[in-house]
Each structure stands twice: as structure tokens, then as C-alpha cells.
Amino acid sequence: MLSQIQKKRRIHLVVASGLLLVIAALLMGYGFRDGIAYFRLPSDVVNETPPPEELFRLGGLVAEGSVIEDQDNTIFEITDSDHAVVVVFRGILPDLFAEGQGVIALGRLADGVFSATEVLAKHDETYMPKEVAKALKEKGLFRAPVQ
Amino acid sequence: MVGCVVAELGHFALILASLVALMQIIIPAIGVFLMWPKWMHLVHAAALLQFFLTAIAFAALTQAFVQSDFSIALVANHSHSAKPLLYKLSGVWGNHEGSMLLWVLILSLFSALIVWFGGALPIRLKTLTLSVQAAIASAFYAFILLTSNPFERLAIAPFEGMGLNPLLQDPGLAFHPPALYVGYVGLAVSFSFAVAALLLGEVNAAWARWVRPWTLVSWVFLTLGIALGSWWAYYELGWGGWWFWDPVENASFMPWLFATALLHSATVAEKRGCLKSWTLLLAILAFSFSLLGTFLVRSGILTSVHAFATDPGRGVFILAILIIFSGGALALYAWRGSMIVSDNVFAPLSRETALISNNILLVVAALVVFIGTFWPLVAEIIFGRMLSVGPPFFEIAVTPFLVALAMLLPLGSTMPWKTASTAGLRHLWWVFLSAVLCGTVVLFLDNAHSTLGALGLALAVWLAAGVVADLAKRAGMGRGGIRAALWRIFNMPRSEWGKSLAHFGLAVTIAGISAITAWESEDIRLAETGDQYQISDRYALRFDHLGLVEGPNYQATRASMMILKDSHEVAQLFPEKRFYPVSGMVTTEAAIEMGFLRDIYVVIGDSQADGRVTVKAYIKPLANWIWLGAIIMSLGGLTSLLDRRYRLASVGRSRPRMTPSPALER
């Protein structure tokens, strides 16, 4: 008798957990649409332009001599030595942001200009953002960052 | 030149500790299976000795940092003679090697605590638990000695150290890693108890009662550690955020979710003898996830703003530890878990069901966090694409489960064990109505700008008023007058107070999160001295001065700003941009005017050629409630820990109230 009720409880439990997992899977599928940002180098962007609504991460080096302050915006170029993309950002740049250094910007590309909502540079001063270093290495463009 | 010997002494003590740990695994375990009491008793001395030796090693390293002995590579790389003493001390664990030493120190401390406070534990259970503890410790000793020796010497000692990362020179961060580590390592105790119970093949109410205090300690420290980390990120990083869903944050959040689930399921196992097998599984998983957290942080495998040790060899080593311990424990669970059966049944509407729902929701939330955290790795390996999973994913996929949990909480926590009736929940009607009322009023005052914010606050009221209603019901308001009611409420077991406090703290945190998410205002612009402008509907900022200041080990550009409310001066703020010459680093120092109902948060960027600077000013409503709630939750945990039934040693000596099962006693 006891085990009968326990068996029934177990079935309830399995059904309830299964249901929750299905909900979780649906939510995750939905969440991935907005939450995933692909990483791209300027060359990737030039070869295959992503749609203007897609949020992605553009990485590379801040091109030497490209940083301009214009009103409230900062304009600079992210380069992978082959190609460069113009980035417009409004806000406070991270402490480690500097010309010639590795950088990742999160934003959207419209009409050839990347509007960044966020610019990331590592807290850690000793290495470049991992993806930038890796992608540049794969392209054979990696140079040790200036320390 | 005493320092020269001390470091070698520390290294030697660490090697000895690892040998003691090896002995602590083998001899007592043989004693348990061959029923040789003397061999079993050896475990006490071994555990204490191991703690003593590790403490010597840690003290030696601390001494090297305090004395700035730059002949030790670690000190030379992470310290500087000009650093304040607090940061020389926090420098001990502000790096990979030192933090691993801290990890084993805490682990061996916990083993010693089991010896000191575990007087009432059945000898076989205690012995095996300490053996498993020693097994975990040996793996980490090997890790430290083979891959991350903190005592390594430099052939030529430099005259000056390279300094600690200035971002880490902060009181919040000085105590964030130790608190988190106590949390992570405390879960090792629950794990060891679970593995020992599986080996012995018996879990009873007493077992659950023994495991719960350790889980509580670990949960309290995890909660505090996560809150400290979040607070540090909030005021130190200068981004104004308090939670980024960064892999390293997730690494601490997953064990927290599991520990929370474990706390609740252990209650069921203790009070009702159900969910025992599930509790074992949770104990194993909770520690597995804290190992996973260590792996994430230490290997730097995922791109993360925190990773400060990127060495694949170390990563593989920790991964091996993770696989051996979690895999081994899970295999043991698969083999022996079915031996553990429930003693009781319960109705579909009962506290048991409520706590099971709590557990499922917490575990599903943790799994979603897990998938989100590891997805970039999976995508890179399988699809060869680099991507990142950002906050929107976690907000969409994790929050619903946590909200559902909060919605169920007042219902579940007031239900009786075994079977509940809807009539017994009637007192929650006014709680529900006050939550709805609060939500409506907020929506009205806010001109319906943020429905989610209003819902969040309504949820917080539902939780907080639910706690009050539950207490009122327990006091039996209306039964025998106010004095009898007060007497009843003050004589409630401390664990009941702990539960109420913890749930109330959750309400406070939810209120803070909802308000800051819904009604934060932000103003960014280029400004120069003399400017005055509105930064929100009610507040204005006047930029008074910009100048250079000299700090103890940095130079700063400091702005002086006045915050005005309806043209009254409310606060003067001094945001800074600091330059640390030793490490060549620049940091942003946010200036925050903290208030109970709102924070005013100002940061400045680099100065432009024309003398203007970027000024970012936020008004963050109820920001402090996020951490205040976490502190209340931890206090709840502590209160619960002081409950009489957990006083293991004294119970064992004076009044043997609990009756350990014969199987464990033998």
C-alpha cells in the first residue's frame, strides 16, 4: 500500500519535472535568440555583412590614431590589420582602452558603421581578450600586445 | 634572514600535510571496514595534525607577504612593499597559488571542526566522512605541490614587487574570496557526509540533522561571498552594474542554488524521512558544482572578466579532480542510492510537496545557468564559432523559475507537514490582497511605466507579508490573548526564526532588484567645470572642480560634484580616475552617495583635450536593498544554525536526545 502511493508520487514527480524541463528548454531556445552574440573580426564583417538587427561582438585592435571624440560620442576603428570597421560609442570607455590594444565592442552594424552599446577591455592588463587573441592567431595576424 | 627558512618550512609543512592526508584516507577507512576501533580513532589525530600543518604553511606564506620577501616568486609578482598591510594580507589569497592554499586550509579546518564538534556522530560515519575529506584534501595538496607551488623561490630576488592588481586592493574584495571559499569548501563536508553514508548504506533523520548545519554554514558564507562580490563589482568596476551573469559569477551562483536546494531537502529528510536519496544526490551535486566553479575560475577556460590564472595544465588537473570525485560519488550513488528508501508518504498538498517544488525549481534554474555558462564552449568545440551568452539569455531563461519559486514560497512555508488544506492557507488572502494593492499603487504612481517593476515589488510584498502572516499564525493571534501569543512567538525554535529571516531577506533582495531594474535612470554627457544640469527628474548635478590628487600609491584625476535636489544641495561627490604607476594600470573610482531609498552613482571618464570629461550619473533606486537582503538572509542562516538541535557536541555529552540508527552506530 505504502509503495503504491510512493509509486504514484514518483510518477507525479517525473511528469512535473519533465514539464519544467520542457519549459526550461523553450525558455532557453527563446533566450538564445536575444542572448547570444557571435564574435566577429572586421574581416568577417567585410566578407559577410551581418543583418543590421543582429547584436554581435566585434573584436580586434583599436587602430592607431583612429580615436576621435565627437560631441558625446567616441569614434574609433577596430582593425585586424586586413580590414577596419568604424565604431561609434557613447559612454565611458573602459580603463584599459587604448590605441593598439585589444578590444571587444558589443553592438550592431548599420551602413558600415558599428554602433556599440558596450566596449569591453579586460580587467587584466596582462593579456588580450581571449577571442581576439585566438582569432588573430588563426589569421596569422597576431602580434604580442604592447605591454 | 629568518624569512629564508620560514618559506621552506611552509613548503615542508605542506608536504607533510599531504602525507598525513594520505594516511588519513587509508588507515581509518580500513578500520571502519574491519571494525578496528583503534585504526578508526587515528582519524582524529590525523585531521587535527593535517590542519595544524596546513596552518603553518599558510602562516609561512602570510609572513612572506607581510615581510615583503621578494625572493619568493609569488610575493614578488603580487605584492609591493608600499602596499597597506590589509592588502599585503589579502595579497596572500589574491592570486592563484595562495588562493589554492587558502582552499586546503579551509578544507582541513572543516575536518578539524568535524573532530571538535562531531562528538555525537556515530564513529563509523565520522571516520568515513573524515577519510573522504582527506581524499579531497590530498587531491588539492597534489595540485598545489605539483602545479602551483606558492613557495617557489626566484634565483635573483628583485628589490621591489610588481604589486597587486589595484582593482583587487579593496576591502570588499579582500574578504570576497575567503567568504566564497568557506562556502565552496563547506559543501565538501556535505559531500563527504553523503559519500560516507552511501558507503555505509544508511541514511536516517539523524544523518540529515548532522549534514544540515554544515550546509547552513556553507550557504551563509556563499550568500555573503556572492553579495560581497556583487557589491565590489558595483562600486569598484565603475560600470554601475551589480550582476553581469559573468561565468565566474555563475560559478558561485550555481553552488548557491544547489546549496539552497540541499538546505530545504535536508529539512524534509530530517523531519519526515523522505527525500533522503535525493538529498544525498544534491549534496554530491552541490560540491561538484563548487568544484566546477573552482575549475572555471582557475583554468580561465571561459572568457571571463575575472580569470586571472590562464594555465591549461592546471585546468586539466582540476578537471581530473572534478571527474574523479563527482564521477566516483555519482557512480557510488547509482550503485547504493536505491538502498535508501523513504519512511513516509505525504499528500499532494503538503509542505513536502512544496519543498520538492522548491528543489525542482532551484535545480532547473541551476541547470539553465549551467547550460548558458558552458554554451560558448560547446559552440566553439562543436560548431567552431566563437560566441558569448549574455545577460538577456539568463534574464529570459532563469528568472521565470526564480519568480515561480518566490510565488510558491509563502504558500509552502506556511503549510503543515504530511497534509495541508486550503482552509489552512486562508490567512494568506490578506497577504495576497496587500501585494496586489501595493502593485497597483506602484503602477499608478509610476504612470504604468514599468509593469515588471510593479510586479516585482508586489512579489516582494507577497513574500514579506507572507513571512509576517506566517509568524502571526504561529503566534496564534486571538488565542489566549496577546501575552500568550507573544510567549509563543518568542519561544519558537531558532530555526523557525532563521527561516522567517531568510525568507524576509529574499523579499528585500527582490524589491531591490525589481526597483533598480525598472527605475534606474542614467545620464551620460561631456561636461566641464561650471556646468549644471538635470540628471533625472528630481536630481541635478553641478560640476564644481576638476583637479589632480596624489594618493598613497596612485595619482588621481578627481572631480568635485554637487548633487542638487529641487535646488538644495544633497551630496558632494568625488569621482576619480586613478593611475597606479607600479602596475601601470588605470582604474575608475565611482563616487556613490548611498541612501536607503536610492544611490546616486557618478563616474568620470578620461579628460578631453578641451578640458571636458565624460560624466556618467545614475540614480539607482533601492540599490542597497539587494545586499541588505543578502545580509538578512545570511543572518537567517546563522540564527538557524544556533538552533538547539544542531548543538552536536553538547547534545552528545549531556542529553542524548537524538537516537542514532543502530546501523550507523555499530
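No lab work stands behind these numbers, since they all come straight from the coordinates. Nothing here was measured: the structure is a model prediction, and the numbers come from that model. Heads up, the Cβs are rebuilt from the backbone with ideal geometry, glycines too, and the neighbour counts pull from every protein chain shown.
Between B:Ala155 and A:Lys7, what is the spin-label point distance in nm, taking each point 7 Å from the Cα along the Cα→C-beta axis?
7.5
Within the range B:549-579, name every residue whose backbone N is under 11 Å away from a label modeled 7 Å from Cα of B:Thr529 along the Cβ vector.
Answer for this model: B:558-560.
Counting only other chains, and only Cβ atoms inside 10 Å, what mean value do you get across the residues of B:322-332? Walk me through the numbers before you get to the answer.
Details: counts 0, 0, 0, 0, 0, 0, 0, 0, 0, 0, 0.
Other-chain Cβ atoms within 10 Å of each residue's Cβ, averaged: 0.
Given N residues in the range B:521-624, what is Rg(Cα) / (2.2 N^0.38 Å)?
1.07
Quick check on packing: order A:35-46, B:355-366 by the mean number of other C-beta atoms within 10 Å, highest mean leading.
Values: A:35-46: 21.5, B:355-366: 23.1.
Final packing ranking: B:355-366, A:35-46.
Positive end of the charge dipole of the range B:1-169 (Lys, Arg +1 and Asp, Glu -1 on Cβ, about the Cα centre): tell me which of B:Val132, B:Gly98, B:Ala60 has its Cα farthest that way.
About the Cα centre, the residue reaching furthest to the positive side is B:Val132.
Where in chain B lies the longest segment free of chymotrypsin sites (Phe, Trp or Tyr not before Pro) that are both loop residues by DSSP (not H, G, I, E, B) and have at most 14 other Cβ atoms within 10 Å? Please report the intermediate quantities before stating the final value.
Working: sites that count: B:Phe159, B:Phe596.
Within chain B, the longest run free of exposed chymotrypsin sites (Phe, Trp or Tyr not before Pro) spans B:160-595.
Which value in deg cm²/dmol, rounded to the nearest 500, describes the helix-derived mean residue ellipticity at 222 nm for chain B, given -39,500 (n - 2.57) per DSSP H run of n ≥ 4 and division by the residue count? Please list the in-between numbers first.
Working: 22 runs with 415 residues, N = 666.
Value at 222 nm, helices only, nearest 500: -21500 deg cm²/dmol.
Work out the mean other chain Cβ neighbour count within 10 Å for the residues of A:22-31 and drop it here as an integer. Kindly include the intermediate steps, with their values, before the conclusion.
Working: counts 0, 5, 9, 3, 1, 9, 11, 2, 4, 13.
Taking all residues of A:22-31 together, the mean is 6.
Give the calculated FRET efficiency between B:Glu522 and A:Glu99 to the nearest 0.05, with a Förster radius of 35 Å applied to their Cβ-Cβ distance.
0.80
What distance in nm separates the simple spin-label points at B:Gln555 and A:Val22, each placed 7 Å from Cα in the Cβ direction?
Taking the simple label geometry, B:Gln555 and A:Val22 are separated by 6.6 nm.
Whole number please: convex hull volume per residue, Cα atoms of chain B, in Å³.
Working: hull volume 123.7 nm³, N = 666.
Here the figure is 186 Å³ per residue.
With a cut-off of 8 Å between alpha carbons and a minimum separation of six or more residues, what is the relative contact order of chain B in percent?
Numbers: 1222 pairs, mean separation 84.3, N = 666.
Normalised by residue count, the contact order of chain B is 13 percent.
Can you tell me what the convex hull of the Cα atoms of the range A:39-138 projects to on average, as an area in nm²? Write out the running numbers ahead of the final one.
Working: hull surface 23.9 nm².
Hull-based average projected area comes out at 6.0 nm².
For the protein assembly as shown, what ratio Rg/Rh do Cα atoms give with a Kirkwood hydrodynamic radius?
Numbers: Rg = 28.0 Å, Rh = 28.7 Å.
We get a ratio of 0.98 for the protein assembly as shown.
Find the centroid of the Cα atoms in the range B:54-114 and in the range B:555-620, then give the distance between the two in whole Å.
When both Cα centres are located, 34 Å separates them.
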